1. Could you calculate the FRET efficiency of GLU87 with GLU16 from 1/(1 + (r/R0)^6), where r is the beta carbon distance between them and R0 is 22 Å, rounded to 0.05?
2. Can you give me the long-range amide H partners of ALA134? Hydrogens built in the peptide plane at 1.01 Å from N, cutoff under 5 Å, separation of 5 or more residues or another chain.
3. Once you sort the root eigenvalues of the Cα gyration tensor of region 49-101 as a ≥ b ≥ c, which label holds: rounded (a/c under 1.5), prolate (a/b larger than b/c) or oblate (the other case)?
4. Listed highest first by mean packing, meaning other Cβ atoms within 10 Å per residue, what order do 81-92, 42-53, 102-113 come in?
5. Please name which of LEU37, VAL105, TYR25 has its Cα lying farthest along the dipole of region 17-145 towards the positive end, using unit charges on Cβ (Lys, Arg +1; Asp, Glu -1) and the Cα centre as origin.
Amino acid sequence: MPGDLEEKIDRLLAIEEIRQLPCRYALAVDARDIDTLVSLFSKNVRVTREESGREAMRKWWGGVLSRFGTSIHLVANHVIDYEGGDEATGLVYSRPEHDLDGKWVVVCMTYQDRYIREDGKWLFKSRRPRQWYAADVLERPNAQKNMMRWPHSPDGPSQMEGFWPTFDEFFERLGVVPGELIPARR
């Protein structure tokens, strides 16, 4: 941790402002508040391979948010890596739920975030979502080979496979496949 008091205070303030970003993002998505949502991102945010900027993001979010009815986004486990300066990274868990085509789709996921301070304010530079599963609330996602089960999309594998090398190494050392648990010893 930096040595002088001013650096420590700057670090604490940066981390707290960054910590608020995913929560504000979740509230803006659920409220369909596109103005607030777009304002949480860098002015030059890359939206697609061809488009950047907040106006492109506004258009993109308009399309995304019109695909489902009610949504509820829960944010948890936010880890922020900030070493000073105007950039930081983070990982945050999210459990959104969506009213989608007569189903209630529950998603467990993480966001890999990059943050930037512009004009004295912390913003998202980028967000990369990775999903463990998406399933109707009445399904058991771990009972499915393809855990990504969005209506009107082909079923697919979890996007988390291979994400944490330590996860794979842990089960390799045990000689078991994740999900094929070793019975507890009594």
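1. It comes out at approximately 0.85.
2. MET148, ARG149
3. Taking the square roots of the gyration eigenvalues as a ≥ b ≥ c, region 49-101 is oblate.
4. 102-113, 81-92, 42-53
5. With unit charges placed on the Cβ atoms, the residue in question is VAL105.
Each reported figure results from applying straightforward, stated rules to the coordinates on display, with no laboratory input. The shown structure was predicted, so the numbers you read here are calculated from the model rather than taken from an experiment. Reconstructed Cβ throughout: ideal geometry from the backbone, glycine too, with neighbour counts over all protein chains shown.
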